[in-house]
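Here is the structure we will look at.
The values are calculated or read from the model by the stated rules, or taken from the named source; none is laboratory data. Since the structure is predicted, the reported quantities are computational estimates derived from the model, not experimental observations. Counting neighbours? That spans all protein chains shown, and the Cβs are built from the backbone with ideal geometry, glycine included.
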Amino acid sequence: MAEVVILPSAAEAGELAARAIAALVATTPDAVLGLATGSTPLTTWRALAAQALDLSRVRGFALDEYVGLPEGHPESYRAVIAREVAEPLGLTPALVRVPGDGGGALSGAGARYENDIIAAGGVDLQILGIGRTGHIGFNEPGSSLASLTRVKTLAEQTRIDNSRFFPSIDDVPTHCITQGLGTILRARHLVLLAFGSGKAAAVASALEGPVSASTPGSVVQLHPKVTVIVDEAAAADLEHADYYRHAWANRFDWERF
Ligand code: PGA
């Protein structure tokens, strides 16, 4: 069972996630962070930036990237990660990777990214959002539970959701390159964040539904160390919400024993 933490606001959730990252970096200054784009992790980045830690040795691997945007496009995840994550946190640009960023044939980009993650020693802590489709990374419903980094098609719902960042839906790419569900499961700690009523169904399905390719986020149920941090609205469809609240309020304090 994942540790599920229900907090009043996205700001408080971001502070908790930032604390987990700060604790990791305090013991491991060159930790490998799994970076996520989107609106959801912004409070985490903000809270972490406010701590003004030295994160210059941290290595980062982004979850996913669009395919087909021109080099340097401001909505490419390479640009988004640089602007919203690396710069405010003081990460070293050369240590931050995005799928497909090494050049070379796209057909081999997935395997190269997998090898690079392994060469870095694997991801210590992976920040995850979840899409309304239930996707994590860009693994849309139907993705293999064992998938590795590869080129995929974006779900229409995801293109609609992401069209807010583009002049029109026609400008949203149709394809992406994304870490697979199997890649994500190799990270040592998963921190899944979700806020707002639009995510309630996906959160309930991921945490309490069957593990299924129809809800890619449900693979977190297979991982031994998952922290899910949601606000009340995103928790609204959880059947065991009271149990999670109770478990968090009474969490076992190992330090005291
Ligand atoms: P969002 O996207 O954080 O912008 O809602 C999450 C996701 O699609 O994984």
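Which one of these does VAL85 not meet: (1) more than 22 Å from ARG164 (Cβ to Cβ); (2) free of Cβ contacts under 8 Å to residues at least 60 places away in the same chain; (3) touching a helix residue (DSSP H, G or I) at 6+ places or on another chain (Cβ under 9 Å)?
If we test VAL85 against (1) more than 22 Å from ARG164 (Cβ to Cβ); (2) free of Cβ contacts under 8 Å to residues at least 60 places away in the same chain; (3) touching a helix residue (DSSP H, G or I) at 6+ places or on another chain (Cβ under 9 Å), just (1) comes out false.
Run down ALA120, ALA109 and say which single residue is farther than 30 Å from ASP237 by Cα, away from the ligand (no atom under 16 Å from the Cβ), in contact with a Lys or Arg (Cβ under 8 Å, 6 or more places away or on another chain) and in contact (Cβ under 8 Å) with a residue 40 or more places away in the chain.
Checking each option against the conditions leaves just ALA120.
Within segment 165-177, count every residue that is in contact with a strand residue (DSSP E or B) (Cβ under 7 Å, 6 or more places away or on another chain), farther than 14 Å from PRO74 by Cα and more than 13 Å from the ligand (Cβ to nearest atom).
First, the residues of segment 165-177 that are in contact with a strand residue (DSSP E or B) (Cβ under 7 Å, 6 or more places away or on another chain): 173-177.
Next, from what is left, pick out any that are farther than 14 Å from PRO74 by Cα: 174-177.
Within this subset, residues satisfying the condition of being more than 13 Å from the ligand (Cβ to nearest atom) are 174-175, 177.
Total satisfying the criteria: 3.
Looking at ASN162, is it free of Cβ contacts under 8 Å to residues at least 40 places away in the same chain and within 16 Å of the ligand (Cβ to nearest atom)?
The answer is yes for ASN162.
Considering only residues of segment 161-173 that are more than 18 Å from the chain's Cα centre (by Cα) and surrounded by 13 or more Cβ atoms within 10 Å (Cβ to Cβ), which is nearest to ASP64 (Cα to Cα)?
Of all residues in segment 161-173, those more than 18 Å from the chain's Cα centre (by Cα) come to 163-173.
Add one more test, that the residue is surrounded by 13 or more Cβ atoms within 10 Å (Cβ to Cβ), and what stays is 163, 165-166, 171-173.
Working: SER163: 17, PHE165: 16, PHE166: 18, ASP171: 18, VAL172: 15, PRO173: 13 Å.
Per the criteria, the residue is PRO173.
With the structure loaded, tell me whether LEU63 is at pLDDT 95 or above, touching a Leu at 6+ places or on another chain (Cβ under 8 Å) and closer than 18 Å to VAL172 by Cβ or whether it fails that test.
Taking the combined requirement at face value, the residue satisfies it.
The rows are residues; the columns are (1) of a type in the set (Ser, Thr, Tyr); (2) in contact with a helix residue (DSSP H, G or I) (Cβ under 8 Å, 6 or more places away or on another chain); (3) modelled with pLDDT of 95 or more.
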{"site": "LEU207", "(1), (2), (3)": "no, yes, yes"}
{"site": "ALA213", "(1), (2), (3)": "no, no, yes"}
{"site": "LYS225", "(1), (2), (3)": "no, no, yes"}
{"site": "ALA233", "(1), (2), (3)": "no, yes, yes"}
{"site": "ARG251", "(1), (2), (3)": "no, no, no"}
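Is one or more of the residues making up segment 45-54 buried (at least 23 other Cβ atoms within 10 Å of the Cβ), within 16 Å of the ligand (Cβ to nearest atom) and either more than 30 Å from LEU222 (Cβ to Cβ) or among the hydroxyl-bearing types (Ser, Thr, Tyr) (or both)?
For segment 45-54, residues buried (at least 23 other Cβ atoms within 10 Å of the Cβ), within 16 Å of the ligand (Cβ to nearest atom) and either more than 30 Å from LEU222 (Cβ to Cβ) or among the hydroxyl-bearing types (Ser, Thr, Tyr) (or both): absent.
Working only within segment 205-235, note down all residues that are without any contact (Cβ under 8 Å) to a residue 60 or more places away in the chain, within 16 Å of the ligand (Cβ to nearest atom) and surrounded by fewer than 20 Cβ atoms within 10 Å (Cβ to Cβ).
ALA233
Any idea which residue in segment 236-257 is nearest to LEU128 (Cα to Cα), counting only those that are aliphatic (A, V, I, L, M) and in contact (Cβ under 8 Å) with a residue 60 or more places away in the chain?
LEU238
Tell me, please, whether a residue that is more than 10 Å from the ligand (Cβ to nearest atom), touching a residue at least 60 places away in the same chain (Cβ under 8 Å), small (Gly, Ala, Ser) and buried (at least 23 other Cβ atoms within 10 Å of the Cβ) can be found in segment 181-189.
From segment 181-189, those more than 10 Å from the ligand (Cβ to nearest atom) are 181-189; that's our starting set.
Narrowing further to those that are touching a residue at least 60 places away in the same chain (Cβ under 8 Å): 183-184, 186-189.
Applying the additional criterion that residues be small (Gly, Ala, Ser) yields 187.
Subset that is buried (at least 23 other Cβ atoms within 10 Å of the Cβ): 187.
Yes.
Search segment 25-51 for residues that are at pLDDT below 95 and pair each with any residue that is within 16 Å of the ligand (Cβ to nearest atom) when their beta-carbon atoms are under 7 Å apart and the residues are at least 6 apart or on different chains.
GLY38/GLY129
Criterion first (away from the ligand (no atom under 16 Å from the Cβ), free of Cβ contacts under 8 Å to residues at least 40 places away in the same chain and not basic (Lys, Arg)) does LEU148 satisfy it?
Working: away from the ligand (no atom under 16 Å from the Cβ): yes; free of Cβ contacts under 8 Å to residues at least 40 places away in the same chain: yes; not basic (Lys, Arg): yes.
When the stated conditions are applied, LEU148 passes them.
When GLY134 is evaluated against the numbered criteria (1) free of Cβ contacts under 8 Å to residues at least 40 places away in the same chain; (2) within 13 Å of the ligand (Cβ to nearest atom), which criterion, by number, is the only one it fails?
(1)
Got at least one residue in segment 58-70 being under 24 Å from GLN179 (Cα atoms) and free of Cβ contacts under 8 Å to residues at least 12 places away in the same chain?
Our first condition is that a residue be under 24 Å from GLN179 (Cα atoms); within segment 58-70, this holds for 58-70.
Retained after the next criterion (residues that are free of Cβ contacts under 8 Å to residues at least 12 places away in the same chain): 70.
Within segment 58-70 (the criterion being under 24 Å from GLN179 (Cα atoms) and free of Cβ contacts under 8 Å to residues at least 12 places away in the same chain), the answer is yes, since at least one residue qualifies.
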